[in-house]
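**Student:** Before I ask anything, here is the structure I am working with.
The values are calculated or read from the model by the stated rules, or taken from the named source; none is laboratory data. Here the structure is a predicted model, which is why all the values come from computation and not from measurement. Note that each Cβ is placed from the backbone with ideal geometry, even for glycine, and that neighbours are counted across all protein chains shown. Only protein heavy atoms, including side chains, enter the accessible area calculation; ligands, DNA and RNA are left aside. Shrake-Rupley method; radii C 1.70, N 1.55, O 1.52, S 1.80 Å.
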Amino acid sequence: MPDWIVRLNVAPKLISLSLLGVMLLGWHLATARDAFVQGNLSDTELMTMEFNGDIIRDENDNYIFNPAKISGIPGPMAVAKKCREEFSHPFHTNGTNDHGIAHLVWYTISRFSIGFLAAAFVGIFVGVMIGLSPLLLQSINPFLQVLKPISPLAWMPLLLYTVQKPQLTAILVVFMAAIWPTIANTAFGVSNIREDYLRVASLLQFNWFRRLFKVILPGAAPAIVAGLRISFGSALVAVVPAEMLLGELGVGYLTWIEWNNLDIAGVLFAILVVGVVGYAMDLLFNRAARGVGYAE
Amino acid sequence: MQNNTPSEAVSTAPRSAMLIDHVSKSFPILNANGTPGRGTFNVFEGVKFDIREGEFLTMIGHSGCGKSTLLNIMAGFDKPTEGGIIVDGKQVTAPGLDRMVVFQSFALMPWLTCFDNVRVAVRSAHPDWTKQQVNQHTQKYIDTMGLTGSENKRPALLSGGMKQRVGIARAFCVDPTVLLLDEPFAQIDALTRGVIQDELMRMWQTVNATVFMVTHDVDEAILLSDRIALMTNGPNARLAEIIDVDIPRPRTREQLIEMPEYMRLRNHILKFLISHSRRAPAAQETVGTPAAAAAPTPSVEEVCS
């Protein structure tokens, strides 16, 4: 086998590409419609269809389906066309609701980042405080167990009522989605730190501060990062419906706007954008999380 | 208080580095459901000896005789039920840099490199030193333990033997009054063990340290020690005797096995251990504590290994 094939790890990429090709082809074939056949339709029927806009005449005066009035799921070509259209003017702003795709991505990323970072900060702080004291951990654990499974969206009416501002509510929904796994995992990691490390810390006469930052936090780091990873995922899931329900501009709300426009190709485009944004954020998180962990 | 000079042999014995003064340890007996039951389980009682400055003292005993518990009390990790530990004329109750420990499980911080694992100890012992002084001192101990070249490796990448070298370097580099080694070679393969024992001996001789080691390896004890303390079986374990190892240094394994003195010591210790493992069931009956049943009775093979 040539060296470059091994180095670039070509096989999985090739399989991925062919799978993509097969899926696109299947999608295209499943959604493609045959050309309009006049058959034994009467002139009256044809006139009604033309009047309704189902069919139009092409340049040779033959009837064809109206491409602007497609029913059913649009094919990959229609979605590709939509993508090209959106990416041709990513930074435009037409009034309050029609912002370019780059704006929408930016709104979602900033909303998500503020909520997630605030939750990470508060969650790690609270988790360490709880984890340092077995008594506190045992007494607070029941509350955590009840709060953790509540869907972050369930807090939304209460948050909207309390803070009154939808912008802030959307951020707080992300916060609520992200905080519980971080608290629980941090507390668990801190309370389960190996006795040996604490003994070394006391041998070396570490004060409280050094003990926390040199031993406890690094020792609990893998557990904390695992908690942040869970938080990250649930926050990413929560941000889309939060935008939809609150009408806050972003890639989540884009799906809903396109649905209101009855533009199904637009809906598919928005779903793709959500996926790509989530993937990019996840890559960023993994890049940041690397180096914090250690092997026993 | 003149506790630093034991009453016996005041004139001949060198200064005492640490005095273990009538130390006893007992645990409350728990019922099967974990609630406190009646009575207590005495691990050992009335243990009294001193560690002389500059000596290598080893304690041997069966599993369950409480030798690791005693070491934990000496380190300050555990509290004695009676008695106390005296270092430099003062009773000590908390861990400190004057009693560094080499752990059986290495206890290296896995998120730090080898170098940083040692440096963190140097920095704690000498907070007023400059960064350069700290690094130089650290490098010296890294080199003495044969760790040169592995400074920037994380412990996870190292073998057990290399890990324990870092552990030994970390313990010696702060120049403690007494070094406490808790079965330091138990998790190292037999071939590497000999090499590290030699390195430990070299380190001990270069820095004139005082060492207390706990082990159940008879050959290791004779090779390394000036004196060997023998503990009877638990519960109610006692310090039976302390024997002198009159074999000139430097000692090598090859010379050792041909020396009559070595064979005499070895047989003496083995006889002691075997006789105590036979007597163990009888001892349990006389004590009559239910927890005594939990104390394992090691086989002869285990003793001789």
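**Student:** If B:VAL166 meets every condition in (1) buried (at least 23 other Cβ atoms within 10 Å of the Cβ); (2) facing chain A (nearest Cβ under 10 Å) apart from one, which number is that one?
**Tutor:** The failed condition is (2).
**Student:** Something else now. Would the range B:154-161 turn up any residue that is in contact with a Gly (Cβ under 7 Å, 6 or more places away or on another chain), open to solvent by 40 Å² or more (accessible area, probe 1.4 Å) and within 9 Å of chain A (Cβ to nearest Cβ)?
**Tutor:** No, the range B:154-161 has no match at all.
**Student:** I've got another one for you. Which ones in the range B:244-265 are outside any loop (DSSP other than H, G, I, E, B) and surrounded by 18 or more Cβ atoms within 10 Å (Cβ to Cβ)?
**Tutor:** B:TYR262, B:LEU265, listed by residue number.
**Student:** Considering only the range A:200-220, how many residues are at the interface with chain B (Cβ under 7 Å from one of its Cβ atoms) and touching a Gly at 6+ places or on another chain (Cβ under 8 Å)?
**Tutor:** Here the count works out to 3.
**Student:** Looking only at residues in the range B:86-105 that are open to solvent by less than 20 Å² (accessible area, probe 1.4 Å) and within 15 Å of the chain's Cα centre (by Cα), which one is farthest from A:ARG194 (Cα to Cα)?
**Tutor:** Residue satisfying both the conditions and the ranking: B:ARG99.
**Student:** Restricting to the range B:80-131, give me the number of residues that are at the interface with chain A (Cβ under 10 Å from one of its Cβ atoms) and among the basic types (Lys, Arg).
**Tutor:** The qualifying residues number 2.
**Student:** Closer than 18 Å to A:GLY72 by Cβ, part of a helix (DSSP H, G or I) and free of Cβ contacts under 8 Å to residues at least 12 places away in the same chain: which single residue out of A:GLY26, A:GLY21 fits that description?
**Tutor:** Only one candidate passes the filter, namely A:GLY26.
**Student:** Still on this structure: From the list A:ILE109, A:ILE101, A:ILE114, pick out the single residue that is closer than 19 Å to A:VAL240 by Cβ, open to solvent by 70 Å² or more (accessible area, probe 1.4 Å) and in the same structural domain as A:GLU243 (by TED's automatic domain parsing).
**Tutor:** Exactly one of A:ILE109, A:ILE101, A:ILE114 is closer than 19 Å to A:VAL240 by Cβ, open to solvent by 70 Å² or more (accessible area, probe 1.4 Å) and in the same structural domain as A:GLU243 (by TED's automatic domain parsing), namely A:ILE114.
**Student:** Of the conditions (1) touching a residue at least 60 places away in the same chain (Cβ under 8 Å); (2) crowded, with 20+ Cβ neighbours inside 10 Å; (3) in a helix (DSSP H, G or I), B:THR206 clears all except one; give me its number.
**Tutor:** Here B:THR206 meets the rest and fails (2).
**Student:** Next question. Exactly one of these conditions fails for B:HIS137: (1) surrounded by 18 or more Cβ atoms within 10 Å (Cβ to Cβ); (2) in contact with a Lys or Arg (Cβ under 9 Å, 6 or more places away or on another chain); (3) in a loop (DSSP other than H, G, I, E, B). Give me its number.
**Tutor:** (3)
**Student:** Looking only at the range A:256-296, count how many residues are assigned to a loop (DSSP other than H, G, I, E, B) and within 22 Å of A:PHE112 (Cα to Cα).
**Tutor:** 1
**Student:** Still on this structure, please answer the following. Count, please, the residues in the range A:44-95 that happen to be in contact with a His (Cβ under 8 Å, 6 or more places away or on another chain) and either of a type in the set (Lys, Arg) or open to solvent by 90 Å² or more (accessible area, probe 1.4 Å) (or both).
**Tutor:** Qualifying residue count for the region: 2.
**Student:** Among the residues of the range A:161-179, is there at least one that is among the hydroxyl-bearing types (Ser, Thr, Tyr), surrounded by fewer than 23 Cβ atoms within 10 Å (Cβ to Cβ) and within 14 Å of chain B (Cβ to nearest Cβ)?
**Tutor:** No, that holds for no residue.
**Student:** Quick check, is A:VAL292 buried (at least 21 other Cβ atoms within 10 Å of the Cβ) and at pLDDT below 90?
**Tutor:** So A:VAL292 fails the test.
**Student:** Assess whether B:GLU55 counts as being within 27 Å of B:ASN233 (Cα to Cα) and open to solvent by 30 Å² or more (accessible area, probe 1.4 Å).
**Tutor:** So B:GLU55 does not fit the description; no.
**Student:** Can you tell me which of A:ILE271, A:ILE224 is open to solvent by less than 30 Å² (accessible area, probe 1.4 Å), farther than 22 Å from B:PHE103 by Cα and touching a Ser or Thr at 6+ places or on another chain (Cβ under 8 Å)?
**Tutor:** When all the criteria are applied, what remains is A:ILE224.
**Student:** Now for a different question. Looking at (1) outside any helix (DSSP H, G or I); (2) touching a Ser or Thr at 6+ places or on another chain (Cβ under 9 Å), find the lone condition where A:PRO149 falls short.
**Tutor:** All conditions are met except number (2).
**Student:** Here's a follow-up. Tell me which residues, restricted to the range B:221-243, are under 17 Å from B:LEU180 (Cα atoms) and either open to solvent by 10 Å² or more (accessible area, probe 1.4 Å) or part of a loop (DSSP other than H, G, I, E, B) (or both).
**Tutor:** B:SER225, B:ASP226, B:ARG227
**Student:** So which residues in the range B:65-79 are more than 13 Å from chain A (Cβ to nearest Cβ) and touching a helix residue (DSSP H, G or I) at 6+ places or on another chain (Cβ under 8 Å)?
**Tutor:** B:LYS79
**Student:** Among the residues of the range B:184-192, is any in contact (Cβ under 8 Å) with a residue 60 or more places away in the chain and surrounded by fewer than 22 Cβ atoms within 10 Å (Cβ to Cβ)?
**Tutor:** Yes: the range B:184-192 contains one or more residues that are in contact (Cβ under 8 Å) with a residue 60 or more places away in the chain and surrounded by fewer than 22 Cβ atoms within 10 Å (Cβ to Cβ).
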